[in-house]
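Working notes, beginning with the structure itself.
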Amino acid sequence: MEFREGIPGPAGGSFGRPSPGSPEPGRDGLAGLGHHAAFAALGETSFANYVAATQPHLLPGRMFDAPRTEARSATPESLGVPHGTTIVALQFAEGVVIAGDRRATAGNVIAQRDIEKIFITDSHSAVGIAGSAGIAIEMIRLYSVELEHYEKIEGVAMSLDGKANRLAGMIRGNLGAAMQGFVVVPLFAGYDTEEPDPAKAGRIVTYDPTGGRYDEWLGYHAVGSGSVFAKSALKKIHRTSADLQTTLRSAVEALYDAADDDTATGGPDLVRKIYPVVVSITGPEGAVRRSEEEIAGIVDRIVADRAENPGG
């Protein structure tokens, strides 16, 4: 990581050079230091904690902590905040797959038809978002920087449990906003590179709005408004011993069933060529976003099968 002189720091200072009259290093005095000195004074590898100590107003959801009447009376409905909906994750014989539909809603209105809800956060992990889309996307972007920052500082990637725990801390930091209705509930999928058995290396971790994290051992999970329908489908069709292609189809089919019964979940849009975003994570390949051509082929086969048997 390179620090350069002359770039404004947290309180008018610069990288590696405290502002004139700045206080001694320490957590209470970080705001007066330049970025380099403030980071050194903090004494840890967490980029998110560095932001919290020097520029806390930049953290996702922090705007709702303000004591203003307008902020405290705001609700997702009154602001027309887009919400992401259904995300599914499935363990399989070689790793894990995570997929999401493309619809965002604001009340009874479709806010966006092609929103991205699945994000590759490092070489062997990905996160799907459900809830208040703006805060969720900002949180996952910060989370991706956190993982990259840790790897650059420590020289090694964060462990899978470390990744899951760090995301839990960020969700907990959004609790104030969540209590006002701006809830973010991600779904984490990762591959444990320290696990020798590929069938056990794929991991799914779920969260609640307070930051509680829960490992999912049934081999599949879903979050969002259509999750109950997606999980009902996966209960019938998914097997953890399946290969990649079968698992990709199961993920897309679960989203299709969710869209069939949940208005907030978007089904494949064959006219606009909008298909679910699907990411597979395996040991040899890492996290890979499956191509639109591949997902379109799976969708075409599912639609053809449903034309003969609409109930699935």
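The values are calculated or read from the model by the stated rules, or taken from the named source; none is laboratory data. Owing to the predicted nature of the structure, the values given are computational and were not obtained by experimental measurement. All Cβ positions, glycine included, derive from the backbone under ideal geometry; neighbour counts span all protein chains shown. Ligands, DNA and RNA are stripped out before the accessible areas are found, and what is left, the full protein with its side chains, is counted by its heavy atoms. Shrake-Rupley method; radii C 1.70, N 1.55, O 1.52, S 1.80 Å.
If the condition is being in a loop (DSSP other than H, G, I, E, B) and out of contact with any helix residue (DSSP H, G or I) (no Cβ under 7 Å at 6 or more places or on another chain), then the stretch 177-188 contributes MET179, VAL183, VAL185. Entry remark, the stretch 243-255: residues being of a type in the set (Ser, Thr, Tyr) and open to solvent by 60 Å² or more (accessible area, probe 1.4 Å) number 1 in total.
Scanning the stretch 142-179 for residues that are open to solvent by less than 30 Å² (accessible area, probe 1.4 Å) and aromatic (Phe, Trp, Tyr) yields one hit, TYR143.
Note on the stretch 261-287: among residues that are among the hydrophobic types (A, V, I, L, M, F, W, C) and surrounded by 15 or more Cβ atoms within 10 Å (Cβ to Cβ), the one that is modelled with the lowest pLDDT is ALA264. Scanning the stretch 226-242 for residues that are open to solvent by 60 Å² or more (accessible area, probe 1.4 Å) and in a loop (DSSP other than H, G, I, E, B) yields ARG239, THR240, SER241.
This table checks each residue for (1) in contact with a helix residue (DSSP H, G or I) (Cβ under 7 Å, 6 or more places away or on another chain); (2) within 17 Å of TYR207 (Cβ to Cβ); (3) of a type outside the set (S, T, N, Q); (4) touching a residue at least 24 places away in the same chain (Cβ under 8 Å).
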site: TYR150; (1), (2), (3), (4): no, no, yes, yes
site: GLY155; (1), (2), (3), (4): no, no, yes, no
site: GLY162; (1), (2), (3), (4): no, yes, yes, no
site: ALA168; (1), (2), (3), (4): no, yes, yes, yes
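Of the listed requirements (1) of a type outside the set (Phe, Trp, Tyr); (2) closer than 21 Å to VAL51 by Cβ; (3) out of contact with any Pro (no Cβ under 9 Å at 6 or more places or on another chain), ASP161 misses just one: (2). Run PHE182 past the list (1) more than 14 Å from SER125 (Cβ to Cβ); (2) open to solvent by 10 Å² or more (accessible area, probe 1.4 Å) and report the number of the one that doesn't hold. Just one mismatch for PHE182, condition (2).
Listed by first and then second residue, the pairs with beta-carbon distance under 6 Å, at least 6 apart or on different chains, first residue in the stretch 289-312 and assigned to a helix (DSSP H, G or I), second among the charged types (D, E, K, R) and surrounded by 14 or more Cβ atoms within 10 Å (Cβ to Cβ), are ILE298/ARG249; ILE302/GLU253. For residues that are basic (Lys, Arg) and at pLDDT 90 or above, scanning just the stretch 71-126, find the one that is most open to solvent (accessible area, probe 1.4 Å). Restricting to residues being basic (Lys, Arg) and at pLDDT 90 or above, the top hit is ARG113.
Each residue in the stretch 264-288 was checked for being in a loop (DSSP other than H, G, I, E, B) and among the hydroxyl-bearing types (Ser, Thr, Tyr), and 2 of them qualify. Within the set ALA48, ALA38, ALA52, the sole residue that is among the hydrophobic types (A, V, I, L, M, F, W, C), within 27 Å of GLU216 (Cα to Cα), part of a helix (DSSP H, G or I) and at pLDDT below 85 turns out to be ALA48.
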